[in-house]
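K.L.:
What follows is a single structure, and I will ask about it in a moment.
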Amino acid sequence: MSKTAATVTRVGDGVYRVEEDGRSVIVYVALTSAGSWAFSNGEIFRTRSADEAQLKSRPRAGRATASKITAPMPATVLKVNVKPGDTVAKGDVLVVLEAMKMELPMRAPGAATVTTVACREGELVQADALLVALGPRAA
């Protein structure tokens, strides 16, 4: 089985065209102090700095289900679908962001209760800004 090499062409600042096997996709890339991210075809790919990755890989005691939903890149908040006290299921869209003329739905990673909404519609948020904090789902 032979592998073909992809051709990467810089289109602009942080924008690249990747061509392989006659297909072409645009990839947006940005670097932050916490790592880097790439956005293509509606998906966000992120790498973290070694320190942050090491902290995130540590096992957590008990059944902690609290999590924070943060902005993956600088963006504008288009829609906030939740308020504190709401219960959400895995995959529910909590907030919709707009960046680089693309909508980015921020989804719940699991069943939880919304404890904090830290953004509002129309607000410009920076990368890693807290959008929504989630806690354990109330029984």
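K.L.:
Just name the residue that is nearest to I69 (Cα to Cα) out of those in region 112-139 that are of a type in the set (G, A, S) and free of Cβ contacts under 8 Å to residues at least 40 places away in the same chain.
P.N.:
A118
K.L.:
Restricting to region 114-139, what's the tally of residues that are in a strand (DSSP E or B) and open to solvent by 30 Å² or more (accessible area, probe 1.4 Å)?
P.N.:
5
K.L.:
Give me the residue from region 65-99 that is assigned to a loop (DSSP other than H, G, I, E, B) and touching a residue at least 40 places away in the same chain (Cβ under 8 Å) and, out of that set, farthest from T47 (Cα to Cα).
P.N.:
V82
K.L.:
Next question. Can you find a residue that is farther than 25 Å from P136 by Cβ, open to solvent by 90 Å² or more (accessible area, probe 1.4 Å), assigned to a strand (DSSP E or B) and modelled with pLDDT of 80 or more anywhere in region 29-46?
P.N.:
The answer is no, given that none of the residues of region 29-46 is farther than 25 Å from P136 by Cβ, open to solvent by 90 Å² or more (accessible area, probe 1.4 Å), assigned to a strand (DSSP E or B) and modelled with pLDDT of 80 or more.
K.L.:
Output the residues belonging to region 122-139 that are farther than 18 Å from R107 by Cβ and acidic (D, E).
P.N.:
E123
K.L.:
Additional query: Can you go through A99, A66, A111 and tell me which one is exposed (fewer than 14 other Cβ atoms within 10 Å of the Cβ), out of contact with any Asp or Glu (no Cβ under 6 Å at 6 or more places or on another chain) and among the aliphatic types (A, V, I, L, M)?
P.N.:
From the options A99, A66, A111, the qualifying one is A66.
The values are calculated or read from the model by the stated rules, or taken from the named source; none is laboratory data. What you are looking at is a predicted structure, and each value in this text was computed from that prediction instead of being measured. We place every Cβ from the backbone using ideal geometry, glycine too, and count neighbours over all the protein chains shown. Remember, those area values only see protein heavy atoms, side chains included, never the ligands or the DNA or RNA. Shrake-Rupley method; radii C 1.70, N 1.55, O 1.52, S 1.80 Å.
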